[in-house]
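Have a look at the structure below, then the notes.
Each reported figure results from applying straightforward, stated rules to the coordinates on display, with no laboratory input. Note that the structure is predicted; figures quoted are calculated from it, not measured. Cβ: placed from backbone, ideal geometry, glycine included. Neighbour counts: every protein chain shown.
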Amino acid sequence: MIRGIRGATTVETNDSEELVSRSHELIADMVHQNNVKAEDVASVLFTVTEDLNATFPAKSVRKLEGWTYVPVMCMREIPVPDSLGKCVRVMMTVNTSSKQNEIEHIYHQGATVLRPDLKS
């Protein structure tokens with residue numbers, strides 16, 4: 001079965017090192033909490049809010065051992081008025097036997113306000 005795993009985090013500043021570091025923490029947690037293996041990943045999509053442009057957060061995936069060939073892409077989030085700023089969102093599409101309600105969606109830092117109904 002193909003499932004989507006969601007995640008999001010925020011950064012303090014538009015800094016390339018912080019963007020990659022926070023994105024890596026998020027991706028690593030998503031992988032760990034959902035027992036994901038690189039060969040089971042179809043793709044990983046990142047979006048960033050319009051106030052983030054220092055680097056591509058998808059670079060964080062390359063820090064994971066064995067993830068060299070996983071397709072990744074970055075896009076800009078829709079600039080909805082009063083939405084959460086300095087935010088990196090992730091959609092990881094994976095092949096898994098987990099049921100929909102067994103997927104652990106991960107929200108770090110200030111992004112926990114996006115889905116208070118999901119504990120991560």
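Just one of the listed residues (Asn53, Asn14, Asn101) is out of contact with any helix residue (DSSP H, G or I) (no Cβ under 7 Å at 6 or more places or on another chain) and without any contact (Cβ under 8 Å) to a residue 24 or more places away in the chain, and it is Asn101. Among the residues of region 1-18, those identified as touching a Ser or Thr at 6+ places or on another chain (Cβ under 7 Å) and more than 15 Å from Arg89 (Cα to Cα) are Met1, Ile2, Arg3, Ser16. Within the span defined as region 27-40, every residue fails to be among the acidic types (Asp, Glu), assigned to a loop (DSSP other than H, G, I, E, B) and surrounded by fewer than 16 Cβ atoms within 10 Å (Cβ to Cβ). Is at least one residue of region 109-116 over 20 Å from His24 (Cβ atoms) and either hydroxyl-bearing (Ser, Thr, Tyr) or not in a loop (DSSP other than H, G, I, E, B) (or both)? Checked against the condition, which is being over 20 Å from His24 (Cβ atoms) and either hydroxyl-bearing (Ser, Thr, Tyr) or not in a loop (DSSP other than H, G, I, E, B) (or both), region 109-116 yields at least one hit. For region 67-90, filtered to residues that are under 24 Å from Asn35 (Cβ atoms) and exposed (fewer than 15 other Cβ atoms within 10 Å of the Cβ), the residue that is nearest to the chain's Cα centre (by Cα) is Met73.
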